[in-house]
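Asker: Once you've had a glance at the structure underneath, I'll fire off some questions.
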Amino acid sequence: MSRVYNFSAGPAVLPEEVLQEAADEMLDYRGCGMSVMEMSHRSKVFDDIIKDAEKDLRELMNIPDNYKVLFLQGGASQQFAAVPMNLMKNKKAGYIVTGQWAKKAYQEAQMYGEAIELASSADQTFSYIPDCSDLDIPDDLDYVYICENNTIYGTKYKKLPNTKGKTLVADVSSCFLSEPVDVTKYGVIYGGVQKNIGPAGVVIVIAREDLITDDVLPGTPTMLKWKTQADKDSLYNTPPCYGIYICGKVFEWLKKMGGLEEMQRRNIEKAKILYDFLDESKLFKGTVRKEDRSLMNVPFVTGDKDMDAKFVKEATEAGFVNLKGHRTVGGMRASIYNAMPKEGVEKLVAFMKKFEKENA
Ligand SMILES: *Cc1c(COP(=O)(O)O)cnc(C)c1O
């Protein structure tokens, strides 16, 4: 067996131990004679799986009791609609546009009410996070929305916006569980799990209880009403059972690794190896303002399209895959999520050094 170093932005690398355990349990989950894919979501066995997953996530993120945890389908993109449908009581929300995912959420919200752009970094190809310490926030906003880590552009908020008391809603798809988080600073935290947690098909929504109500926009589908899902503990209909099971295994792995403090330490260490090299390299350079660099997604360029393509091709041949940048920005991007070992980043940098020498 030979596994590559997978720098995909998502679906992305998962811990090998987790995959191995899932493989071992594939045909017969803990003596029940069937796979988790084949069992009823109403069974005691699955009930334990989803309850344990929630318990471990609560422990990892230190989620207070007055927040609900929902395991849903539809991806992060479906929450672009669910957020305004559930929260737009005054039909007015503020969006900070720091990339394509934030922009898509902003555009989606415009279909349900007045969405206003509070700040944007579009003027410099989303290569930085705007100053959000003193935004002009209207009194009647239902919430302030951010995309906390911008997967495509490789920026991350190092400090949350000053929302002046308004509910903060954050899409954390690509930084979920990468560092400790103070859940109480948010009204809603959500993310697709296929970046840093598990397989595609699950989106986790962590929402403060007072924001989960029957008072949703008229026409909100039953399935998109958080209250429907919260009242039934994510079992209103068939949940993405297998995906939740794998997420649960990743939560256990994270706990075993030492929790989110330890993940943060590792992630800082890993990202530093790559950023330090980019800062000294004559061939490669990072595209993001230093203060705003993501620990998870690291975009870089040579400044020459043909050279970029040559690098991606040779890297792939050497076992470093999915380094091509997003189609809208070009260049390269290394996504170095929790499950990417330090050794993977070290070897990538060694390969980049060698490539630089050969192409000087
Ligand atoms: C990948 C991604 C999305 C889209 O996720 P889907 O689950 O494919 O809808 C949304 N937001 C961010 C920040 C992402 O990285």
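The values are calculated or read from the model by the stated rules, or taken from the named source; none is laboratory data. No experiment lies behind these values; they were computed from the predicted model shown. Glycine also receives a Cβ, built like all others from the backbone with ideal geometry; neighbour counts cover every protein chain displayed. Only protein heavy atoms, including side chains, enter the accessible area calculation; ligands, DNA and RNA are left aside. Shrake-Rupley method; radii C 1.70, N 1.55, O 1.52, S 1.80 Å.
Asker: Going by the structure shown, is Gln79 in contact with an Asp or Glu (Cβ under 8 Å, 6 or more places away or on another chain), among the polar types (S, T, N, Q) and surrounded by 16 or more Cβ atoms within 10 Å (Cβ to Cβ)? I'd like the intermediate steps shown before the answer.
Answerer: Working: in contact with an Asp or Glu (Cβ under 8 Å, 6 or more places away or on another chain): yes; among the polar types (S, T, N, Q): yes; surrounded by 16 or more Cβ atoms within 10 Å (Cβ to Cβ): yes.
Criteria met by Gln79.
Asker: Just one of the numbered conditions (1) assigned by TED's automatic domain parsing to the domain that holds Pro239; (2) open to solvent by 50 Å² or more (accessible area, probe 1.4 Å); (3) of a type in the set (Ser, Thr, Tyr) is not true of Tyr29; which one?
Answerer: Failed condition: (2).
Asker: Also, I was wondering about something else. Restricting attention to region 87-107, which residues are among the polar types (S, T, N, Q) and within 21 Å of the chain's Cα centre (by Cα)?
Answerer: Across region 87-107, the qualifying residues are Thr98, Gln100, Gln107.
Asker: Suppose the filter is within 12 Å of the ligand (Cβ to nearest atom) and out of contact with any Pro (no Cβ under 7 Å at 6 or more places or on another chain); does Val172 pass it?
Answerer: Numbers: within 12 Å of the ligand (Cβ to nearest atom): yes; out of contact with any Pro (no Cβ under 7 Å at 6 or more places or on another chain): yes.
Against the criterion (within 12 Å of the ligand (Cβ to nearest atom) and out of contact with any Pro (no Cβ under 7 Å at 6 or more places or on another chain)), Val172 qualifies.
Asker: Residues of region 9-26 being part of a helix (DSSP H, G or I) and more than 27 Å from Arg333 (Cβ to Cβ), which ones?
Answerer: Matches in region 9-26: Gln20, Glu21, Ala22, Ala23, Asp24.
Asker: In addition: Name the single residue, out of those in region 136-159 being surrounded by fewer than 19 Cβ atoms within 10 Å (Cβ to Cβ) and farther than 30 Å from Gly325 by Cβ, that is nearest to the ligand (Cβ to nearest atom).
Answerer: Ranking the qualifying residues of region 136-159, first place goes to Ile137.
Residue-by-condition table, conditions (1) out of contact with any strand residue (DSSP E or B) (no Cβ under 9 Å at 6 or more places or on another chain); (2) of a type in the set (A, V, I, L, M); (3) more than 29 Å from Asp131 (Cβ to Cβ); (4) in contact (Cβ under 8 Å) with a residue 60 or more places away in the chain:
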site	(1), (2), (3), (4)
Ser173	no, no, no, yes
Phe176	no, no, no, no
Gly198	yes, no, yes, yes
Leu211	no, yes, no, yes
Leu217	yes, yes, yes, yes
Tyr236	yes, no, yes, no
Cys247	no, no, yes, yes
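Asker: Here's another thing I want to ask about it. Looking only at region 196-220, which residues are in contact with a Ser or Thr (Cβ under 9 Å, 6 or more places away or on another chain) and in a loop (DSSP other than H, G, I, E, B)?
Answerer: Asn196
Asker: Out of curiosity, is Thr163 assigned by TED's automatic domain parsing to the domain that holds Leu135, among the polar types (S, T, N, Q), more than 15 Å from the ligand (Cβ to nearest atom) and closer than 19 Å to Ala105 by Cα?
Answerer: On the way: assigned by TED's automatic domain parsing to the domain that holds Leu135: yes; among the polar types (S, T, N, Q): yes; more than 15 Å from the ligand (Cβ to nearest atom): yes; closer than 19 Å to Ala105 by Cα: yes.
The answer is yes for Thr163.
Asker: With within 29 Å of Glu261 (Cβ to Cβ), away from the ligand (no atom under 15 Å from the Cβ), of a type in the set (Asp, Glu) and in contact with a strand residue (DSSP E or B) (Cβ under 6 Å, 6 or more places away or on another chain) as the only criterion, which of Glu59, Glu117, Glu54 stands out?
Answerer: Going through Glu59, Glu117, Glu54 in turn, the sole match is Glu54.
Asker: Pick out the one residue from Phe46, Phe71 that is within 16 Å of the ligand (Cβ to nearest atom), more than 18 Å from Leu141 (Cα to Cα), modelled with pLDDT of 95 or more and in the same structural domain as Leu141 (by TED's automatic domain parsing).
Answerer: Going through Phe46, Phe71 in turn, just one is within 16 Å of the ligand (Cβ to nearest atom), more than 18 Å from Leu141 (Cα to Cα), modelled with pLDDT of 95 or more and in the same structural domain as Leu141 (by TED's automatic domain parsing): Phe71.
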